[in-house]
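Participant: Here it is: the structure, laid out below.
The values are calculated or read from the model by the stated rules, or taken from the named source; none is laboratory data. The structure presented is a predicted model; accordingly, all values stated were derived computationally and were not measured. With ideal geometry, Cβ positions are generated from the backbone for all residues, glycine too; neighbour counts draw on all protein chains shown. For the accessible areas, the whole protein counts, side chains as well, though only heavy atoms, and no ligand, DNA or RNA atoms are used. Shrake-Rupley method; radii C 1.70, N 1.55, O 1.52, S 1.80 Å.
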Amino acid sequence: MRSRMIIGTLVVAASASGCGNAIDTDIVGRTALARDADGSVLVLVDACRGSVDSIGIYAGRQGLADNEVNPTLGELRASSPQSGRIEVPLTAPADPWAADAAVVLSEDPDSLFIVIASREGENAQAAQVSATQNEVDALLPGHVLTASSQVVSEAEFHDAC
């Protein structure tokens with residue numbers, strides 16, 4: 001329930017500007033989380049209706065005042081916009097992806113983190129996903145965690161886009 005409230009808060013915050021006018025955000029695909037071969041967090045993006053070139057990783061809202069922004073845990077950037085099926089390991093992004101600095105998730109495995117894949121300078125993003133490290137660690141091989149903490153097969157995730 002807590003993660004749904006946080007996601008809703010972020011969606012509302014992303015869709016409204018400071019003056020109260022709505023901003024149109026193009027949803028260009030979906031985002032999911034999985035584990036790679038060594039057990040690290042793997043970000044999957046299906047950018048099937050556009051492209052992304054930035055993946056932001058943010059802490060949840062626990063302990064924050066209403067006027068505080070979610071802390072940034074890390075950012076990954078591609079050298080050029082990427083479309084189609086994208087896989088990026090958080091701890092070891094490979095070309096064309098690079099981290100501005102090392103992505104550091106909370107030491108608390110029950111602490112929520114949020115992943116948003118977007119296109120810099122445009123109002124375009126893939127549907128975001130949030131999870132805890134424990135939720136990602138509990139995934140069976142071949143399964144991913146999508147929005148609303150839904151676990152589906154990786155094939156089902158890709159087929160939905």
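Yes/no per residue for (1) in contact (Cβ under 8 Å) with a residue 40 or more places away in the chain; (2) in a strand (DSSP E or B):
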site	(1), (2)
GLY50	yes, yes
ASN70	yes, no
GLY74	no, yes
GLY84	no, yes
SER106	yes, no
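Participant: Being in contact (Cβ under 8 Å) with a residue 24 or more places away in the chain and either closer than 14 Å to GLU154 by Cβ or open to solvent by 20 Å² or more (accessible area, probe 1.4 Å) (or both) is the filter here; which residues of the stretch 25-40 pass it?
Facilitator: At the first step, the residues of the stretch 25-40 found to be in contact (Cβ under 8 Å) with a residue 24 or more places away in the chain are 25-36, 39-40.
Residues satisfying the conditions are THR25, ASP26, ILE27, ARG30, THR31, ALA32, LEU33, ALA34, ARG35, ASP36, GLY39, SER40.
Participant: Examine the stretch 78-87 for a residue that is of a type in the set (Asp, Glu), modelled with pLDDT under 95 and either more than 23 Å from SER148 (Cα to Cα) or open to solvent by 20 Å² or more (accessible area, probe 1.4 Å) (or both), and state whether such a residue exists.
Facilitator: Within the stretch 78-87, none of the residues are of a type in the set (Asp, Glu), modelled with pLDDT under 95 and either more than 23 Å from SER148 (Cα to Cα) or open to solvent by 20 Å² or more (accessible area, probe 1.4 Å) (or both).
Participant: Looking at the stretch 108-128, which of the residues that are under 18 Å from SER40 (Cα atoms) and part of a loop (DSSP other than H, G, I, E, B) is least open to solvent (accessible area, probe 1.4 Å)?
Facilitator: In this case the residue turns out to be SER111.
Participant: Restricting attention to the stretch 50-77, which residues are crowded, with 18+ Cβ neighbours inside 10 Å, β-branched (Val, Ile, Thr) and out of contact with any Asp or Glu (no Cβ under 8 Å at 6 or more places or on another chain)?
Facilitator: Within the stretch 50-77, just VAL52 meets the criteria.
Participant: Right, another one. Among the residues of the stretch 34-48, what is the count of those that are outside any strand (DSSP E or B) and either of a type in the set (Asp, Glu) or under 16 Å from LEU145 (Cβ atoms) (or both)?
Facilitator: Selection size over the stretch 34-48: 4.
Participant: Scan the stretch 129-152 and give yes if some residue there is on the phi < 0 side of the Ramachandran plot, open to solvent by less than 60 Å² (accessible area, probe 1.4 Å), of a type in the set (S, T, N, Q) and part of a loop (DSSP other than H, G, I, E, B), otherwise no.
Facilitator: no
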